[in-house]
Amino acid sequence: MSSFNPSFGARLLAPDRTLFRLWAPGREAVSVEIESMPPVPMNRLADGWFEAEAAAGAGARYKFRISGDLAVPDPASRAQAGDVHDASVVCNPDSYQWKRKDWTGRPWHETVLVELHAGALGGFEGVMQQLPALADLGITAIELMPVADFPGPRNWGYDGVLPYAPDAAYGTPDQLKALVDAAHELDMMVFLDVVYNHFGPDGNYLGTYAPQFFRDDIHTPWGQAIDFRQRPVRDFFIENAIYWLDEFRFDGLRFDAVHAISDKDWLVEMAQRIRAAMPPGRHVHLVLENDDNSARLLERAPSHLYDAQWNDDMHHILHVMLTGEREGYYAGYINQWAEKLARGLSEGFIYQGEASLYAGGAPRGEPSGHLPPTSFVMFLQNHDQIGNRAFGERLTALANPHALRAAMALQLLSPHIPMLFMGEEVGATQPFLYFTSHLTQELADAVRNGRRQEFARFAAFSDPGQRERIPDPNAEETFQQSIPQADPTVAQSWREWIASLLAIRRTHIVPRLEGAASLGTEIIAPAAVKARWRMGDGKVLMLAINLGTSGVTIAYDRLADGQGGTLLFATDGVEDAITRNELPGRAFLAVLEPSA
């Protein structure tokens with residue numbers, strides 16, 4: 001039984017009785033209109049709140065009448081009878097009967113993530129069908145891109161406007177719970193990406209009855225900033241986070257682009273309240289996307305706030321080394337490749353207060369070398385880094401295959417937390433494009449034209465004719481092209497290769513991760529680095545990678561079994577080169593050394 005009752009939305013009090021609540025400080029009168037019933041006037045309470053009880057049970061459809069010509073869905077709707085402009089539905093939070101009732105989660109250091117888009121995989125039931133194969137690979141957690149209700153049947157999820165309602169295009173709330181339950185039965189965790197920095201452009205009615213939800217003095221790339229100075233606004237999102245973790249039993253949340261949230265103290269409050277709301281013994285993990293590189297949010301003392309951050313720095317340097325690309329934010333990583341890679345491996349963030357070449361010279365980041373390596377989620381690809389490209393190319397289409405495998409081995413065997421993007425596990429070559437299904441032609445045209453204009457600053461798209469080739473986000477074909485497909489000629493070999501790496505991680509690295517700390521790095525060559533960590537049991541993990549095209553000299557001290565070192569993994573050709581003290585080009589190896 002769900003133990004948490006958010007203060008927003010419709011709460012079932014009895015099988016035929018529901019309490020409706022709305023924060024509408026911009027209105028003097030509000031009523032709730034329940035299908036097949038006369039309107040019910042709501043009581044006006046202090047601080048802009050309205051509430052009413054009515055004889056309605058689970059399944060009842062309703063809207064809030066805020067003026068003579070406008071009735072709106074519940075901003076905290078638990079489900080919609082259709083799309084974002086339609087009626088909201090009263091839900092019974094206890095209707096789903098959980099199978100894995102004893103699940104308390106897994107420790108963070110055991111996490112091996114794969115990011116998924118529910119719509120591209122056939123909705124919640126389609127994702128459920130993928131779980132056994134992912135578990136067999138050694139994946140311990142899936143992360144769903146946002147599922148909050150958005151306009152139309154297709155969207156990345158970052159245009160959501162009803163944060164409490166799983167989008168009906170993916171399935172019902174109970175089907176989402178069944179997906180989480182099925183993962184838990186396989187000992188897999190489920191994370192959810194949530195968006196608290198903005199609302200989408202279509203279906204957000206909050207400004208018509210709660211203009212205090214937004215502030216006029218700060219604008220974001222998505223419009224007016226959300227006003228986290230307001231207590232009801234702070235509670236709306238904090239309670240949303242607790243709602244997903246409590247009622248749906250998600251194991252963790254990834255918070256999208258929190259650098260766009262102006263009130264940084266709210267991030268501290270949110271983590272504290274989430275932690276306080278969870279029962280003792282339950283593992284709940286909170287992960288940030290934060291371009292500010294705020295190391296203080298990841299510290300374990302004096303209080304445990306966030307477990308980790310998506311490490312864009314590591315993605316960017318590895319992408320530049322793999323592809324040679326230099327434009328956009330990659331401009332901040334085009335110099336001193338090995339030095340940047342070494343710093344990322346040993347300290348997490350590459351930018352720790354330095355000025356970036358890309359961001360107009362603005363300093364970014366905080367010192368992070370004191371944090372454990374598990375504070376950083378390492379990825380070579382994700383929805384942003386693939387889909388924000390004009391044609392959505394994956395690294396299988398951009399990078400040398402040997403260099404790509406070396407980088408993936410580094411990712412999967414480092415003490416950082418690894419994350420794959422759906423399709424990587426089978427070597428997919430299909431693009432992952434930016435797609436939407438906006439309901440008005442005006443908005444669809446604006447998004448298409450705006451996206452094409454964004455690329456005008458890149459040399460490859462300076463010609464307007466080239467920009468016209470960029471896929472239309474609103475076209476269904478764009479979505480269809482983004483569905484990952486497994487090429488039967490290569491998929492099995494990719495699965496076996498990744499499974500072998502994750503077996504090494506599970507056996508030799510995960511049991512030693514708690515207490516692991518960097519012992520430093522060594523620059524071997526302009527594109528080659530050697531890194532070492534003292535693991536929790538005192539043994540030393542040494543990783544070496546060379547993303548250059550030529551071999552480099554490397555000291556293999558303490559490697560041979562006679563000296564106590566164990567070769568955990570090496571890419572093709574490395575073992576033969578060991579006798580020559582050489583690390584070939586586009587190669588990687590991992591060694592477990594005796595205690596330092």
Karplus couplings for segment 210-221 from phi (6.51 cos²θ - 1.76 cosθ + 1.60, θ = phi - 60°), rounded to Hz, Gly and Pro as x? 9, x, 5, 5, 10, 10, 8, 8, 10, 10, 10, x
Would you be so kind as to identify which of P153, T111, V258 lies farthest towards the positive end of the dipole of the chain, taking Lys and Arg as +1 and Asp and Glu as -1 on Cβ and the Cα centre as origin? T111
Label-point gap, in nm, between S7 and Y329 - each point 7 angstrom along Cα→Cβ: 3.4
Which value, in Å³ per residue, describes the convex hull spanned by the Cα atoms of segment 153-195? 78
Give the residue from G465, Q492, A407 lying farthest towards the positive end of the charge dipole for segment 405-531; charges sit on Cβ (+1 for Lys and Arg, -1 for Asp and Glu) and the dipole is referred to the Cα centre. A407
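Excluding same-chain pairs closer than 8 in sequence, count the lysine pairs in the chain whose Cα atoms lie under 22 Å apart.
Details: K99/K177; K101/K177; K340/K530; K530/K539.
Close lysine pairs under the 22 Å cut-off: 4.
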How far is helix 123-137 tilted, in degrees, relative to the longest principal axis of the Cα atoms in the chain, given as a value from 0 to 90 rounded to the nearest 10? 20
How do 433-441, 70-78 rank on mean C-beta neighbours within 10 Å, highest first? 70-78, 433-441
Of G387, F432, L322, which is farthest towards the positive pole of the chain's charge dipole, taken about the Cα centre with +1 and -1 on the beta-carbons of Lys, Arg and Asp, Glu respectively? L322
With Kirkwood's inverse mean 1/r over C-alpha pairs for Rh, give me the Rg to Rh ratio of segment 182-327, two decimals please. 1.00
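Segment 15-67: which GluC sites (Glu not before Pro) are DSSP loop and have at most 12 other beta-carbon atoms within 10 angstrom?
Those that pass, being in a loop and sparsely packed, are E28.
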Based on the Kirkwood radius over alpha-carbon pairs, what is the Stokes-Einstein translational diffusion coefficient of segment 1-93 at 10 °C with 1.306 mPa s viscosity, in µm²/s? 121
Taking the Cβ-Cβ separation of R469 and Q441 as r and a Förster radius of 25 Å, what is the calculated FRET efficiency to the nearest 0.05? 0.75
Tell me, in nm to one decimal, what length is gained between E269 and N400 on full extension, where the rule is 0.36 nm per residue of separation less the Cα-Cα distance? 42.7 nm
Convex hull per residue volume in Å³, alpha carbons only, for the chain: 153
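On average, how much area does the Cα convex hull of segment 53-156 cover when viewed from any direction, in nm²?
Spelled out: convex hull of the Cα atoms, projected over all directions, averaged, 9.6 nm².
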Label point distance in nm, D47-M278, each placed 7 Å from Cα along Cα→Cβ: 2.6
Show the residues, 5+ positions off or on another chain, whose built amide H is closer than 5 Å to the amide H of A79. V89
Segment 342-398: trypsin sites (Lys or Arg not before Pro) falling in loop per DSSP and having at most 12 other Cβ within 10 Å: none
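If the convex hull of the alpha-carbon atoms of segment 279-348 is projected onto planes in all directions, what is the mean projected area in square nanometres? Don't jump to the answer; show the numbers that get you there.
Numbers: hull surface 23.9 nm².
Computed as one quarter of the Cα hull surface, the answer is 6.0 nm².
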Using the heavy atoms of the protein chains and a 1.4 angstrom probe, tell me the accessible area per residue for segment 162-316 in square angstrom. 31
Quick calc, segment 1-92, dipole around Cα centre from Cβ unit charges on Lys, Arg (+) and Asp, Glu (-), nearest 20 debye, gives 160
Given the peptides 541-552, 515-526, 37-48, 124-135, arrange them by the average over their residues of other C-beta atoms within 10 Å, most packed first. 541-552, 124-135, 515-526, 37-48
Measuring from the longest principal axis of the C-alpha atoms of the chain, the long axis of helix 337-347 (C-alpha) lies at a number of degrees, nearest 10, equal to 70
Specify the angular offset, from 0 to 90 degrees and rounded to the nearest 10, of the alpha carbon long axis of helix 312-323 from the longest principal axis of the alpha carbons in the chain. 50
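The values are calculated or read from the model by the stated rules, or taken from the named source; none is laboratory data. These numbers were taken from a predicted model, which means no experiment stands behind them. So basically every Cβ, Gly included, is an ideal-geometry build from the backbone, and we count neighbours across all protein chains shown. Heavy atoms of the whole protein, side chains included, go into the accessibility calculation; ligands, DNA and RNA do not. Shrake-Rupley method; radii C 1.70, N 1.55, O 1.52, S 1.80 Å.
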